[in-house]
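Structure record follows, encoded as structure tokens.
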Amino acid sequence: MNQEILINITPQEARVAIVEQGVVQELYIERTLSRGLVGNIYLGRVIRVLPGMQSAFIDIGFERAAFLHIADLWQAGAKEVNVASQPIEKILQEGQTLMVQVTKDPLGSKGARLSTQISIAGRTLVYLPREPHIGISQKIESEAEREAIRSRLAEVLPADEKGGYIIRTIAEDASQAELANDVLYLRKTWATIQRQAQLSPAPPVLYQDLELAPRVLRDFVGDKTKAIQIDSRETFQTLLEFAAAFTPAVQAKLQHYTGERPLFELYDIDTEIQRALAKRVELKSGGYLIIDQTEAMTTIDVNTGGYVGVRNFDDTIFKTNLEATHAIARQLQLRNLGGIIIADFIDMENTEHREAVLNELTKSLANDRTRTSISGFSQLGLVEMTRKRTRESLAHMLCEPCPTCTGRGQVKTARTVCYDVLREILRESRQFKPREFRIIASQTVIDLFLEEESQHLAMLCDFIGKPVSLQVAAGLSQEQYDIVLL
């Protein structure tokens, strides 16, 4: 499969699109003023221990305290052991300092999630300086290949190595020299982090992961990557130097894009971003998905729409659901949706059809870089999934709650607002004795008072014995109004 990686750089942000067969599969956006924290290492200070939750709040220099659960707490000693079986109040005390790493960015009202099990990512390996364990990516399936790469790594490890490593998928074809270079780089990085932590005072952040552009070369480029196009000369030169030092095989794939049309416009990426922010996703058959993202979960509803099929109703439903599996897998990656995900496929009576849809969904998600677990169909016919959430979704990064509906996704009708106004005038007439009431509201509300609701307004004036005047305020939304006592 041919894959192209497009890197668009501006002073305010970096954007990366991964395109396969002409279709955008993944989007990554990193803004200069709001870089993600995942992977950063800090010297944190315990500000509160919560025995009831077996957790602690850690100050790492941000407005919101970060969160550390006992399951993510490891204790240094002669032998690294998980301490989740011990109560957290026996291990941590307020005011104590400890080295922590961010595993999840702050989301909504929640602070960052932390771990004391430090990991540092390289090109082919992930270094675990506090755990003497060698792990291998599950995507390297051949047992013979797993043993071979384990042996190649063992041969290049220094005799004094006390840490462990996770062998990444990209290391499957790595030479012994490449593994040795990665080990050297990771050990030097860890030594620098330790020296930084011993400084007085320690810097606010001991280690930051690579910026988005070089991280793409380290994490995303593989054998199927045909080209990497960069529209910034400065970033192109930086990536050439980075590739020369860490990923020599990638150098030939780097291209400086100098065309007149913007790179993302050429590949219609901005249009795809707009589509990825919409609730409705059209399917080629005429069916569609409705995607609703909330803080608790994401729901995906599958509908046949204008697709009528060619044989029978069951066949129409089955084909729509099959097509939806590919669209769902793509949207999860494109929008970076995480947490609990509920997919409501169109009801299928045929058990074989249900199994086929589930298998196709599993197959479609197989290439997802983010771990996803599928629980199968529930008793209500819903497919329940969980997808690891480490950074903000595309919508949370690019959008904010609507100031009119404040995130509800709907607003009160003009008639409802009219009745709210009438009730409020009635309440205020019992407390105050003004000469006149004036309603200041949007054009739609005032028009309704002048037309269909004019009789109700007149009845209120008679009842309270005061005149009520109307005034349009162009800056008010349909739900906003003010009642002035004159």
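Below is a table of values for the structure above.
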{"quantity": "Loop trypsin sites (Lys or Arg not before Pro), the stretch 283-358 (other Cβ atoms within 10 Å of the site Cβ: 11 or fewer; DSSP)", "calculated": "K284, R311"}
{"quantity": "Probe 1.4 Å, all protein chains present, accessible-area order of I47, I70, largest first", "calculated": "I47, I70"}
{"quantity": "Share, in percent, of DSSP beta bridges within the chain that are antiparallel, nearest 5", "calculated": "75 percent"}
{"quantity": "Accessible surface of M459 - all protein chains present, 1.4 Å probe, nearest 10 Å²", "calculated": "110 Å²"}
{"quantity": "Stretch gain in nm, segment L266-I91, where the contour uses 0.36 nm per residue and the Cα spacing is subtracted", "calculated": "57.4 nm"}
{"quantity": "Loop-resident sites, the stretch 109-204, for GluC sites (Glu not before Pro), counting at most 15 other Cβ within 10 Å (DSSP)", "calculated": "E141, E161"}
{"quantity": "Interchain or long-range residues, amide H under 5 Å from I136's placed H", "calculated": "I167"}
{"quantity": "Separation of alpha-carbon centers, the stretch 229-288 and the stretch 472-486, rounded to whole Å", "calculated": "46 Å"}
{"quantity": "Over the stretch 69-220, volume per residue of the alpha carbon convex hull, in Å³", "calculated": "161 Å³"}
{"quantity": "Per-pair calculated FRET efficiency, R0 = 25 Å: N312 and V23 via Cβ, rounded to 0.05", "calculated": "0.25"}
{"quantity": "Share of pairwise Cα separations in the stretch 242-351, more than 22 Å, in percent", "calculated": "51 percent"}
{"quantity": "Leading residue at positive end of dipole, the stretch 252-328 (Cβ point charges), from I300, L254, I273", "calculated": "L254"}
{"quantity": "For the stretch 218-229, 3J(HN,Hα) per residue [Karplus equation, 6.51 cos²θ - 1.76 cosθ + 1.60, θ = phi - 60°, Hz, x = Gly/Pro]", "calculated": "6, 9, 9, 6, x, 4, 7, 6, 8, 7, 10, 9"}
{"quantity": "Qualifying chymotrypsin sites (Phe, Trp or Tyr not before Pro) for the stretch 342-439 [loop in DSSP, other Cβ within 10 Å: at most 13]", "calculated": "F432"}
{"quantity": "Rounded accessible area per residue of the chain, 1.4 Å, Å²", "calculated": "53 Å²"}
{"quantity": "Estimated [θ] at 222 nm from DSSP helical runs (n ≥ 4, -39500 (n - 2.57)) normalised by residues in the chain, nearest 500", "calculated": "-9500 deg cm²/dmol"}
{"quantity": "Total charge dipole magnitude, the chain, about the Cα centre, Cβ charges on Lys, Arg, Asp, Glu only, Debye to nearest 20", "calculated": "1280 debye"}
{"quantity": "Gain in span if fully extended, A191 to E436, counting 0.36 nm per residue against the direct Cα distance", "calculated": "80.6 nm"}
{"quantity": "Links that overshoot a 18 Å alpha carbon limit, given the list K110/K388; K279/K319; K284/K363; K139/K253; K139/K226; K224/K388", "calculated": "K279/K319; K284/K363; K139/K253; K139/K226; K224/K388"}
{"quantity": "Angle between the chain longest axis and helix 414-431 axis [Cα atoms, degrees, rounded to 10]", "calculated": "70 degrees"}
{"quantity": "Other-chain or far-sequence residues with amide H under 5 Å of E26's (modelled H)", "calculated": "I18"}
{"quantity": "Stretch gain in nm, segment T386-A473, where the contour uses 0.36 nm per residue and the Cα spacing is subtracted", "calculated": "26.7 nm"}
{"quantity": "Area of E295 that stays accessible when all protein chains are in place (1.4 Å probe, Å², to 10)", "calculated": "120 Å²"}
{"quantity": "Label-reachable residues, the stretch 120-154, where backbone N falls under 18 Å from a point 7 Å from D223's Cα toward its Cβ", "calculated": "124-125, 137-150"}
{"quantity": "Sites T299 and N2 - FRET efficiency at Förster radius 30 Å, r taken between beta-carbons, to 0.05", "calculated": "0.35"}
{"quantity": "Two-site label geometry, V38 and D420: point separation in nm, points 7 Å out along Cα→Cβ", "calculated": "3.9 nm"}
{"quantity": "Share of alpha-carbon pairs per 5 Å distance bin for the stretch 147-187, given as whole %", "calculated": "5, 22, 42, 23, 7, 1"}
{"quantity": "Apportionment of accessible area to carbon and sulfur, the stretch 45-167, percent (1.4 Å)", "calculated": "51 percent"}
{"quantity": "Inter-centroid distance (Cα atoms) of the stretch 341-370 relative to the stretch 21-59, Å", "calculated": "31 Å"}
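The values are calculated or read from the model by the stated rules, or taken from the named source; none is laboratory data. On a predicted model such as this, the values are computed, not experimentally measured, just so you know. Here Cβ is always computed from backbone atoms with ideal geometry, including for glycine, and neighbour counts include all displayed protein chains. Keep in mind that these areas ignore ligands, DNA and RNA; they rest on the heavy atoms of the full protein, side chains included. Shrake-Rupley method; radii C 1.70, N 1.55, O 1.52, S 1.80 Å.
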